[in-house]
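Notes to accompany the following structure.
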């Protein structure tokens, strides 16, 4: 069979992985001893890897992580800063996301909250889980605008349907009445169906004051803080040149 018709059929099937391996095999006489099954296996493996990478890139793009360069394997667990290596390895399995368990990361500015959160988000994308990232104050502004321009339900669905929702930099300003209601609805709709990761400079004990309403604060914290895994990052700011992997917040 002629080479060009075969390549054309592979392109019609949208299988560039097949095409790559096929052309490599054609150009390499040393593979003449490979069986048909071995050749087909190489082609299938390349195409599976290509599709997996493409799917991962799409999920990372849709997640809109603040730090897309954050990589789970690059997170520094050696320097003492409250990040337990054993716990972090367990988080890397993403079972907490599949079990719909919340995660709270607290610490002063510069200790690495955003980087760690984005690294966990990127790892979730690589494991074929859907992720959505938002800075808290900008999210509440977007929800207020969406409520008036008719896009509220669409935005709300993206927040509640993701496997992992990252709410970055919660506080320190007191929430408006509208923001309090939005946060409760988001947390309530995600309860038992998705995992929520919240980062904050403030300790959880101060969140009542930030939420601003004792009744709503109790309802929100009951669904998040009382059942969440927690990481409290400590130490000096890591925004220094000698920390090449982490541009941290």
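Need one number: nm distance between label points at residue 44 and residue 79, each 7 Å from Cα along Cα→Cβ, rounded to one decimal.
Spacing of the two 7 Å Cα→Cβ label points: 4.6 nm.
Taking neighbour Cβ counts within 10 Å as the exposure measure, how do 54, 123, 62 sort from fewest upward?
In increasing order of surrounding Cβ atoms, one gets 54, 62, 123.
Quick one: helix 16-26 against the long Cα principal axis of the chain, what's the angle to the nearest 10°, folded into 0 to 90?
Roughly 30 degrees between the two axes.
Working from Cα positions, state the angle (0 to 90°, nearest 10) between the long axis of helix 177-190 and the longest principal axis of the chain.
50
Give the relative contact order (percent, whole number) for segment 38-122; include only Cα pairs under 8 Å separated by 6+ residues.
Working: 40 pairs, mean separation 36.7, N = 85.
Here the relative contact order equals 43 percent.
Suppose R0 equals 45 Å. What FRET efficiency, 1/(1 + (r/R0)^6) with r the Cβ-Cβ distance, do residue 108 and residue 37 give to the nearest 0.05?
The formula returns an efficiency of 0.20 here.
How many angstrom lie between the Cα centre of segment 46-67 and the Cα centre of segment 1-20?
Each part reduced to its Cα centre gives a spacing of 24 Å.
I'd like the FRET efficiency for residue 154 and residue 9, computed as 1/(1 + (r/R0)^6) with the beta carbon distance as r and R0 of 41 Å, rounded to 0.05.
Efficiency, rounded to the nearest 0.05: 0.55.
What order do you get for 134, 100, 226 when you list them from fewest to most C-beta neighbours inside 10 Å?
Numbers: 134 21, 100 16, 226 10.
Ordered by Cβ neighbours within 10 Å, fewest first: 226, 100, 134.
Sorted from fewest to most neighbouring beta carbons within 10 Å, what does the list 48, 224 look like?
Lowest count first: 48, 224.
Going by alpha carbons, how many degrees (0 to 90, nearest 10) lie between the helix axis of 36-63 and the longest principal axis of the chain?
Helix 36-63 and the main axis of the chain meet at about 30 degrees.
Highest first, please rank the peptides 227-234, 149-156, 166-173 by the mean number of other Cβ atoms sitting within 10 Å of their residues.
166-173, 227-234, 149-156
The numbers here are math on the coordinates, done by the rules we state, and not lab data. It should be emphasised that the depicted structure is a prediction, and the values quoted were computed from it without experimental measurement. Here Cβ is always computed from backbone atoms with ideal geometry, including for glycine, and neighbour counts include all displayed protein chains.
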